[in-house]
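J.: Pasting a structure here, questions to come.
The values are calculated or read from the model by the stated rules, or taken from the named source; none is laboratory data. Bear in mind that the values here come from a model prediction, so they are computed numbers and not experimental data. Positions of Cβ are backbone-derived with ideal geometry, glycine not excepted, and every protein chain shown enters the neighbour counts.
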Amino acid sequence: MDFNHQIQNALSRRAFLRRSTTGIGALALGSLLSPGAFGASAPQVDGAMKSLHFAPKAKRIIYLFMSGAPSQLDLFDPKPKLVEMTGKDLPESVRKGQRITTMTSGQKNLFCVGSPYKFKKYGRAGMDISELLPNLTKVVDDCTFVRSLFTDPINHDPAVTFFATGNQQPGRPTMGAWLAYGLGSANRDLPSFVVLTSGGGGQTLQTRYWGSGFLPAQYGGVQFRNAGDPVLFVSNPPGVSSTTRRELIDSANELNRMALGNLGDPAIAAQIENYELAFRMQTSVPELTDISKEPKEILDLYGATPGKPSFANNCLLARRLAERDVRFIQLCHRDWDHHGDLPKGLPTKCKETDQGAAALITDLKQRGLLDDTLVIWGGEFGRTAYSQGAITSDNFGRDHHPRCYTIWMAGGGIKRGLVYGETDDFGYNIVQDPVHVHDLHATLLKLLGVDHKKMIYRHEGRDYRLTDVAGNVVDGLIA
């Protein structure tokens, strides 16, 4: 071969990149493993954004997702008119021809049904809270209640997907994944996005509800299990020491780095980082998930029992994760889907969750964590003012209702002791201060210091964001 030709080959761009410590792939890997080594300076974040758009009011989110959609009419939005009209048809002037599900569209009558539960007003704002949530009343002045949230989908899976990703179709990143991608991690020994589940029955929880979508895989939620190893395969198998595991990971990563240098595939960089994180989690996760060392008064506050999985245990774990600066903590509690037998099912769900959720607010506050931790409680949509099926003295059900429902939030820059929005006398339509899911997403991001229009990711030739092409910040919710 001609000597000059060899020199040209050696100096070619491709050869240079390949030989420069495995090329661009190594640069990508280096930025993932040691973000601070690439010239970051305050105020900075360790994610793709590098710096925030606004001064943040919150550092992290704890999302208490009540899967199946709790009835706002029986918990937060009492309607005397519905009680008065129980057993009578919902006026057409209220429904306005709006879409309803196939589960009730075939009913001859859409009979109104008022809540059988007693309500009282609590706190500075005089928030109506049902007798089913006695513990929440103790922290009401730390909360804001949004009675005027609304969404687009009318069925569970697209509604959960929409709330999580801003789109009804699967395949896009979830809120937690966006934050892990944009803001990065504040704790190298734990994932940025952790998921805890509890309850049984009801709608199935799909893993894509906390997935990374088209973002690199390391930004997806890591589910901690309720029994056995908190994370599958994190513990060493019998006969394998930590030293052996470290050598195995080093060898695998060396091969992966070679492949990364040759191919430049971000998925390989994600795999390397996931191996490294998993090794660090072998120490951090067992200590984190052992709540038996918590003082008795804290266990009693939550109603938590070590070794007995529950929503209360998960709320305590959420506080422990917040202390360790995990960015997004999602608790999913199943079986709020009360199409029938609501008078039996709803009190059960409230009893399972009320104490733990209220204790989380109390505990965060007493530790000085509530100011920069945003807690959100709610489902994917609301429930109807009319009954699904017959109404009896001790039984009725409510169908899906996307037109309006209630969530509550606390901490992290949200106004406290506020009731935002209003619905009509039937709890069917919004009459004041509507808040779309896209608006809520935009507001949450601003609280975290992010302009929702600027945190984007290019995929298949298009720029995507959590709020898609919509969303307005609701300044009336921000302190």
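J.: Using beta carbons and a limit of 8 Å, which pairs, at least six apart or on different chains, have the first residue in segment 451-478 and within 21 Å of residue 414 (Cα to Cα) and the second one polar (S, T, N, Q)?
T.: Between residues of segment 451-478 that are within 21 Å of residue 414 (Cα to Cα) and residues that are polar (S, T, N, Q), the close pairs are 452/467; 453/467; 466/165; 473/443; 474/443; 477/144; 477/443; 478/443.
J.: Looking only at segment 133-147, how many residues end up being buried (at least 21 other Cβ atoms within 10 Å of the Cβ) and polar (S, T, N, Q)?
T.: Going through segment 133-147 one residue at a time, the tally reaches 1.
J.: What helices (runs of 4 or more DSSP H) lie completely within segment 1-95 and have 1 or more residues being at pLDDT below 95? Quick ask: steps written out before the conclusion?
T.: Numbers: elements: 3-10, 13-19, 23-33, 72-75, 80-84, 92-95.
Because the criterion is at least 1 residues that are at pLDDT below 95, the helices (runs of 4 or more DSSP H) in segment 1-95 that meet it are 3-10, 13-19, 23-33, 92-95.
J.: Check residue 230 against each of (1) free of Cβ contacts under 8 Å to residues at least 12 places away in the same chain; (2) within 26 Å of residue 60 (Cβ to Cβ) and name the one condition it does not meet.
T.: (1)
J.: Please pick out the residue among 227, 186, 259 that is outside any loop (DSSP other than H, G, I, E, B) and surrounded by fewer than 19 Cβ atoms within 10 Å (Cβ to Cβ).
T.: On the way: 227 fails: outside any loop (DSSP other than H, G, I, E, B); 186 fails: outside any loop (DSSP other than H, G, I, E, B).
That would be 259, the only listed residue that is outside any loop (DSSP other than H, G, I, E, B) and surrounded by fewer than 19 Cβ atoms within 10 Å (Cβ to Cβ).
J.: Could you say whether any residue in segment 262-284 is free of Cβ contacts under 8 Å to residues at least 40 places away in the same chain, among the small types (Gly, Ala, Ser), touching a Gly at 6+ places or on another chain (Cβ under 7 Å) and surrounded by 20 or more Cβ atoms within 10 Å (Cβ to Cβ)?
T.: Of segment 262-284, the ones free of Cβ contacts under 8 Å to residues at least 40 places away in the same chain are 275, 279.
When the remaining residues are screened for being among the small types (Gly, Ala, Ser), the result is none.
Within segment 262-284, none of the residues are free of Cβ contacts under 8 Å to residues at least 40 places away in the same chain, among the small types (Gly, Ala, Ser), touching a Gly at 6+ places or on another chain (Cβ under 7 Å) and surrounded by 20 or more Cβ atoms within 10 Å (Cβ to Cβ).
J.: In segment 358-377, which residues are under 16 Å from residue 297 (Cα atoms) and touching a residue at least 40 places away in the same chain (Cβ under 8 Å)?
T.: First, pick out the residues of segment 358-377 that are under 16 Å from residue 297 (Cα atoms): 358-367.
Hits for segment 358-377 are 358, 359, 360, 361, 362, 363, 364, 365, 367.
J.: Checking the structure you have, find out if any residue of segment 381-404 is among the aliphatic types (A, V, I, L, M) and either under 20 Å from residue 318 (Cβ atoms) or in a helix (DSSP H, G or I) (or both). Spell out how you get there, then give the answer.
T.: Quick first cut of segment 381-404, residues among the aliphatic types (A, V, I, L, M) only: 385, 390-391.
Okay, now just the ones that are also either under 20 Å from residue 318 (Cβ atoms) or in a helix (DSSP H, G or I) (or both), so none.
No; the residues of segment 381-404 include none that is among the aliphatic types (A, V, I, L, M) and either under 20 Å from residue 318 (Cβ atoms) or in a helix (DSSP H, G or I) (or both).
J.: Restricting to segment 81-100, and then to whatever is surrounded by 15 or more Cβ atoms within 10 Å (Cβ to Cβ), of a type outside the set (Lys, Arg) and under 18 Å from residue 403 (Cα atoms), can you tell me which residue is nearest to the chain's Cα centre (by Cα)?
T.: Of everything passing the filter in segment 81-100, 100 is nearest to the chain's Cα centre (by Cα).
J.: Now, a different point. Taking residue 380 and the conditions (1) of a type in the set (D, E, K, R); (2) farther than 30 Å from residue 320 by Cβ; (3) surrounded by 23 or more Cβ atoms within 10 Å (Cβ to Cβ), which numbered condition does it fall short on, given that it satisfies the others?
T.: Checking residue 380 against (1) of a type in the set (D, E, K, R); (2) farther than 30 Å from residue 320 by Cβ; (3) surrounded by 23 or more Cβ atoms within 10 Å (Cβ to Cβ), the one that fails is (2).
J.: Which condition breaks for residue 444 when tested against (1) buried (at least 23 other Cβ atoms within 10 Å of the Cβ); (2) farther than 30 Å from residue 92 by Cα; (3) in contact with a helix residue (DSSP H, G or I) (Cβ under 6 Å, 6 or more places away or on another chain)?
T.: Exception for residue 444: condition (3).
J.: For segment 101-115, give me each residue that is surrounded by 14 or more Cβ atoms within 10 Å (Cβ to Cβ) and out of contact with any strand residue (DSSP E or B) (no Cβ under 8 Å at 6 or more places or on another chain).
T.: Result: 107, 114.
J.: When the residues of segment 207-222 are narrowed to those that are under 13 Å from the mean Cα position of the chain (by Cα) and of a type outside the set (Phe, Trp, Tyr), which ends up surrounded by the fewest Cβ atoms within 10 Å (Cβ to Cβ)?
T.: Restricting attention to segment 207-222, the residues satisfying the condition of being under 13 Å from the mean Cα position of the chain (by Cα) are 207-212, 220-222.
So of that shortlist, the ones also of a type outside the set (Phe, Trp, Tyr) come out as 207-208, 211-212, 220-222.
Numbers: 207: 10, 208: 19, 211: 24, 212: 22, 220: 26, 221: 26, 222: 23.
By that ranking, first place goes to 207.
J.: Kindly indicate the residue of segment 335-364 that is within 23 Å of the chain's Cα centre (by Cα), assigned to a helix (DSSP H, G or I) and hydrophobic (A, V, I, L, M, F, W, C) and also farthest from residue 73 (Cα to Cα) among those meeting that condition.
T.: 364
J.: Which is outside any loop (DSSP other than H, G, I, E, B) and either crowded, with 21+ Cβ neighbours inside 10 Å or not charged (D, E, K, R) (or both), of 450, 431? Explain how you work it out, then say what you get.
T.: Numbers: 450 fails: outside any loop (DSSP other than H, G, I, E, B).
That would be 431, the only listed residue that is outside any loop (DSSP other than H, G, I, E, B) and either crowded, with 21+ Cβ neighbours inside 10 Å or not charged (D, E, K, R) (or both).
J.: With (1) over 23 Å from residue 192 (Cα atoms); (2) free of Cβ contacts under 8 Å to residues at least 60 places away in the same chain; (3) of a type outside the set (Lys, Arg); (4) surrounded by 14 or more Cβ atoms within 10 Å (Cβ to Cβ) as the list, and residue 239 as the residue in question, which single condition is left unmet?
T.: Here residue 239 clears every test but (4).
J.: Which of the residues that make up segment 404-425 are within 15 Å of residue 94 (Cβ to Cβ), buried (at least 22 other Cβ atoms within 10 Å of the Cβ) and not hydroxyl-bearing (Ser, Thr, Tyr)?
T.: Within segment 404-425, 404 is the sole residue that qualifies.
J.: What are the residues in segment 365-380 that are within 20 Å of the chain's Cα centre (by Cα), farther than 24 Å from residue 152 by Cβ and outside any strand (DSSP E or B), if any? Spell out the reasoning first.
T.: Going through segment 365-380, the residues within 20 Å of the chain's Cα centre (by Cα) turn out to be 369-380.
Pick out the ones that are also farther than 24 Å from residue 152 by Cβ and you get 369-373, 375.
Within segment 365-380, 369, 370, 371, 372 qualify.
J.: Name the residues in segment 129-151 that are under 22 Å from residue 404 (Cβ atoms) and of a type in the set (Ser, Thr, Tyr), would you?
T.: If the condition is that a residue be under 22 Å from residue 404 (Cβ atoms) and of a type in the set (Ser, Thr, Tyr), then 130, 144, 148, 151 are the ones that fit.
J.: Name the pairs whose Cβ atoms lie under 7 Å apart, with the first residue in segment 133-146 and within 16 Å of residue 351 (Cβ to Cβ) and modelled with pLDDT of 95 or more, the second small (Gly, Ala, Ser) and assigned to a helix (DSSP H, G or I), and 6 or more positions between them or separate chains?
T.: 135/358; 136/357; 136/358; 138/358
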